[in-house]
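The structure under discussion appears below in the form of C-alpha cells.
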Amino acid sequence: MDQVVFHAGHAKICKVEKERVMEMEKLVSLCKRRGFLFQSSEIYGGLNGFWDYGPLGVELKRNIKEAWWRDMVSGHNELVLAEEAPSLFHMVGLDSSIIMHPQVWKCSGHYDLFHDFMVDCKESKKRYRHDQIRGRWVTSRGAEIFVATQVGGEEGDKETEQRALKYFNLRSKQAEELAWNGPLVSLTTVADFSKVLAPEAKTLGTLTAPREFNLMFKTIVGALGGEEDAAFLRPETAQGIFVNFKNVVDSSRVKIPFGIAQVGKSFRNEITPRNFTFRSREFEQMEIEFFCHPADSPKWYQYWRDRRFRWYLQLGLASSRLRLRDHDKDELSHYSCGTADIEYAFPFLPPGEFGELEGIAHRGDFDLRSHMEGKLVRQGEQLVVESDEHGKPRHRGSGKDLKYFNDQTRERFIPHVIEPSAGADRGTLAFLCEAYQEEQVEGETRLVMKFHPRIAPVKAAIFPLVNRDGMPEKAQALYGELKKEFAVFFDDGGAIGRRYRRQDEIGTPVGITIDGQTLQDSTVTWRDRDTLQQKRLPISQVKEELRAFLAPAQS
Ligand code: GAP
C-alpha cells in the first residue's frame, strides 16, 4: 500500500522541504504509536484515502465535534448573541441519511458538475489532478519544453532542475545552459502536452489529455438493482439539510433567520488522496446551513466568517498559522456568490502556503430553488432552470413549495443561505499539527501534545506516587469519582517522571499525584502540562477545579 504521502519522491527534495516532511513524519509516527490514527485495513496493506481513528484519536475527534456542536448548536445562547449579532436566531440539528434519492444530486449540480479533470502518465502509470501539476518552461539546445515539478515541488527545486538536465543530456555543472522562462505555472495553462515532461517521466509527451472524473461514489440500492437503481454516497452533508428544510420549519418553531446543523460522513472518490487525512475519500463534515432573508444575507455572511474564524483561535490554533481568504470570482463553486476559506498553514505544505479547513459560502437561493424547480445554471447574472433539447428541465426539481412564509410581514420568499462547512478530519489534523511540540527540559527532549484542554483526549491522569502506604487506594478512589464526569486515566506503573512523560505525549493537560502529604493533610499535587508548574489543593476540590479548567469560553 501507499505510504503516507506528503510529497512524491521526497528523497530528493530540498532541505527546508525535507525538514517539514520529517516533522510531519514524526507526527504520523506518534499518531500510530500512541493510537490516534491508523491506516485503514492496515493488515492487508491499507487502502489509499481511508483512515481509522484509534482509542485516543476517536476521543480527540469526538471532542472537536462536540465542541463544535455545543458552541454552534446546543450551547448556542441566542439571548446573549442578540446583543452583538444582527438579531436573535435559533440553531437546530439534523441527522440525515447518507444515501438519498438520486435526483437530489442531479438538482444540486453534483451529478453534472462535481468532477475533477485527471491526466495519466503513460510512462510512470501515475494519475494526477490536471490542476495540481505545476511546472516551468525551459529552453536549451534550441528546444523549449515544460518541466513539471513533483507534486508539491517548488520553484527552483533541485529535483526539477536535475530532470531538465537529464532530458537535455547535460551535466550538473552545465546548469546555466538551461534558460528558465517565467515562474512556476499550472499545467492547465499548457495547450500542447507533447512538450510536457511529466512529474515522474523521462520522456516528453507521456501525459494523456485531461479526462473528467466524477467524484461521487456510486452504489446500487436493492438486491435486483440495475443501472436505474444506481445511487450515490453523499459527497457533502449539506443536501440532506436542504431537502429537509420544509420538514424542519413545519415541525419546530424556528423562524427565519435560523440555522440547521449536521455532522456526518461524506465520501469523495478523490483522484489523489494525500497528506495524511487532509484529503481522504471518506471524511466527516460539520456543516451549518443558515437560512435568512435575502436582504440580510451580506451581514450574516460577514457574521459567520468572523464567528467561525474566532472558534479555531479559541480552541488553540495560532493566529499566525490561520487566515481567512476570500475566493476570487473564478474560484467560486457553481452555486456560490461569495466564499471565504479559513485556512491553516499545515506543516506539510511549502512555506507560505495554506490548506483549507473550512469554507463559508454565500449560496444564495440556489439549493432551495433547484430542489423546487430543477437544476439551475447561470445565464449572465441570472440563475435559470437548465433545459434539455425539448425545452424541458434537464433535471426536474421536486415541484414542492420550499418558500418560507413570514406570518408577521405576510411575505413569502425563498431564503438565502450562508453555509459554514468545516471538515472534522481536517480540523483534527490541524489541532494535531498545532499541538505537536518538542521541548528541551533539564537536558532532555520532552515531546508534548499541547491540545486545548477542551479537546484533549484525556483530561487528567491520576497517579499514586508509590504503590504502598495506602496511596494506590486513595488514587483509585479519586479516579473512580472523577471518571463519572471526565475522561481520566489511572497510571501506577513506573517512575513518576516516566508517567508524566507518557501523558505529555498524548496531551493530557493535568496530572494529579497522591503522595505522602496526601495521607497527612488530604491535599494532592496538580501538575500543569504546559508550564510544568505544580500546586497543591485539597482532594475534595479537584473535581470543581477540573470543571472550571475545562469550561468552554462563550463563542
Ligand atoms: N457543502 C459545501 C462543501 O462540501 P467543500 O469545500 O467541498 O464544501 C467543506 O468541503 C469542507 O469539507 C472542507 O473545507 C474540508 O474541511 C472538508 N473536506 C472536503 N473534502 C475533503 C476531503 N477529501 N478529505 C477531508 N476533508 C475534506
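Summary of values
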quantity: Within the accessible area of region 458-550 (1.4 Å probe), percent carbon and sulfur; calculated: 51
quantity: Accessible area of region 118-213 divided out per residue, in Å², using a probe of 1.4 angstrom; calculated: 51
quantity: Dipole of the chain, positive direction: furthest Cα of Q440, S336, T409, with charges on the beta-carbon; calculated: Q440
quantity: Heavy-atom accessible area order for I220, I414, I260, largest first, 1.4 Å probe; calculated: I220, I414, I260
quantity: Candidate lysines - alpha carbon under 16 Å from K403, same-chain residues fewer than 8 apart omitted; calculated: K246, K255
quantity: Cross-link partners of K265 among lysines (Cα-Cα below 21 Å; sequence separation of 8 or more within a chain); calculated: K61, K65, K106, K218
quantity: Percent of beta bridges antiparallel (DSSP, the chain, rounded to nearest 5); calculated: 85
quantity: Proximal aspartates and glutamates relative to K543, as straight alpha-carbon distance under 14 Å, when same-chain residues fewer than 8 apart are discounted; calculated: E481, E485
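The values are calculated or read from the model by the stated rules, or taken from the named source; none is laboratory data. Source: prediction; values computed, not measured. Every residue, glycine among them, receives a Cβ derived from its backbone with ideal geometry; neighbour counts consider all protein chains shown. Please note that ligands, DNA and RNA were not included when accessible areas were found on the heavy atoms of the full protein model with its side chains. Shrake-Rupley method; radii C 1.70, N 1.55, O 1.52, S 1.80 Å.
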